[in-house]
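Undergrad: After the structure tokens below, expect a handful of questions from me.
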Amino acid sequence: MSPLDVKGVLFDLDGTLMDHRRAADAGITAWVAEHFPGHPRLTEVAALWAALEVPYLAMWHAGRCTVQEQRHLRLQALCAELDVPAPADLGAAYADFAARYRGAWAAFPDAAEAVAGLAGFALGVLTNGTQPMQEAKVRAIGLAGRVGPVLTGEVLDGCFKPAPEAYERAAAALGLATHEVLLVGDDVVNDVTAPAAAGMHSVWLDRTGAEPGPEGFPRITSLTELAPLLTA
């Protein structure tokens, strides 16, 4: 890949710039520990919550429920799995979890250095969360004003990853054509194969270095490898 191929870089946010999994795991485990002390499946809670994330977010992205409804449904599903009563006030219960989640937000150690190493490229964040929350995350991890616009489906005419239009409109938001932009992220479909199918360059961020990945795509284990890859 030559530097002439790419003029802009889009970063995924959760799992790429911000350690979403660690924050979510800590938040939901603490919530269950407080509300259902001594629960025998406490060590399983983080994995159960993570497994529920994908289908319920997909419901919201598909327009089958509001973002608040998917949050409440997900919390109800977790309680059902744990065989505990769902809170009477799901809104307050989710807000309690969300406060714990927010309190654990942190950037990955390589994020700031990676962003700083891309001077000369148009930058942005392409993420599937809600606009206010994702903007708040970027501020909280110290990257506001440094990593370009935060682009969610809420500002891309309802188009979320992996819809082809999400990548096309995100590139346009940077003032570039789709083929002039590279997306880097940890999700193989949303951040690697789907953008490539839409005509965008992509790089898979595999922080564990242990998973089998899609063939034919650049693979990095740290964001600090991105700038050298682009300028090699």
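Undergrad: Sort out for me the Cα centre separation of the range 139-205 from the range 4-35, rounded to whole Å.
TA: 16
Undergrad: Let me ask you something else. Rounded to a whole number of µm²/s, how large is the Stokes-Einstein D of the chain at 20 °C and 1.002 mPa s, given Rh as the Kirkwood radius over C-alpha pairs?
TA: It comes out at roughly 116 µm²/s.
Undergrad: Sticking with this structure for a sec: Report, in debye and to the nearest 20, how large the dipole of the range 45-199 comes out about its Cα centre when Lys and Arg carry +1 and Asp and Glu carry -1 on their Cβ. List each step's numbers first, then the result.
TA: Numbers: 10 positive and 17 negative charges, 58 e Å.
Computed charge dipole of the range 45-199: roughly 280 debye.
Undergrad: Just to confirm the number: angle between the C-alpha axis of helix 20-35 and the first principal axis of the chain, 0 to 90 degrees, nearest 10?
TA: Relative to the chain, helix 20-35 is tipped by roughly 10 degrees.
Undergrad: Towards the positive end of the charge dipole of the chain, with charges on Cβ (+1 Lys, Arg; -1 Asp, Glu), say which of ALA95, ALA198, GLY213 has the farthest Cα.
TA: The listed residue farthest towards the positive side: ALA95.
Undergrad: Can you give the angle from 0 to 90° between the axis of helix 90-103 and the longest principal axis of the chain, with both taken from C-alpha atoms, to the nearest 10?
TA: Between the helix axis and the principal axis of the chain, the angle is about 50 degrees.
Undergrad: Below 13 angstrom from the Cβ of MET200, what's the summed charge of the other residues (Lys, Arg +1; Asp, Glu -1)? If you can, show how the numbers build up before the last one.
TA: Details: positive: LYS7, LYS161, ARG169; negative: ASP5, ASP12, GLU165, GLU168, GLU180, ASP191.
So the environment of MET200 carries a net charge of -3.
Undergrad: Let me ask something else about it. So for the pair ASP5, VAL67, with labels modelled 7 Å out along Cα→Cβ, what separation do we get in nm?
TA: Distance between label points: 3.4 nm.
Undergrad: To continue, here is another question. Answer rounded, prolate or oblate for the range 144-232, using the Cα gyration tensor with square roots of eigenvalues a ≥ b ≥ c: rounded when a/c is under 1.5, else prolate when a/b is larger than b/c, else oblate.
TA: Prolate shape, in that a/c is at least 1.5 and a/b is the bigger ratio.
Undergrad: Turning to a different aspect of this structure: Cα-Cα pairs above 18 Å in the range 1-55: how many percent? Could the numbers behind the result be given before it?
TA: Details: 745 of 1485 pairs.
Counting pairs separated by more than 18 Å, the tail of P(r) holds 50 percent.
Every number in this text was worked out from the coordinates using simple rules, so none of it is lab data. Given the structure is predicted, the values throughout are model-derived calculations rather than measurements. For neighbour counting, all protein chains shown are included, and Cβ atoms are generated from backbone atoms with ideal geometry for every residue, glycine included.
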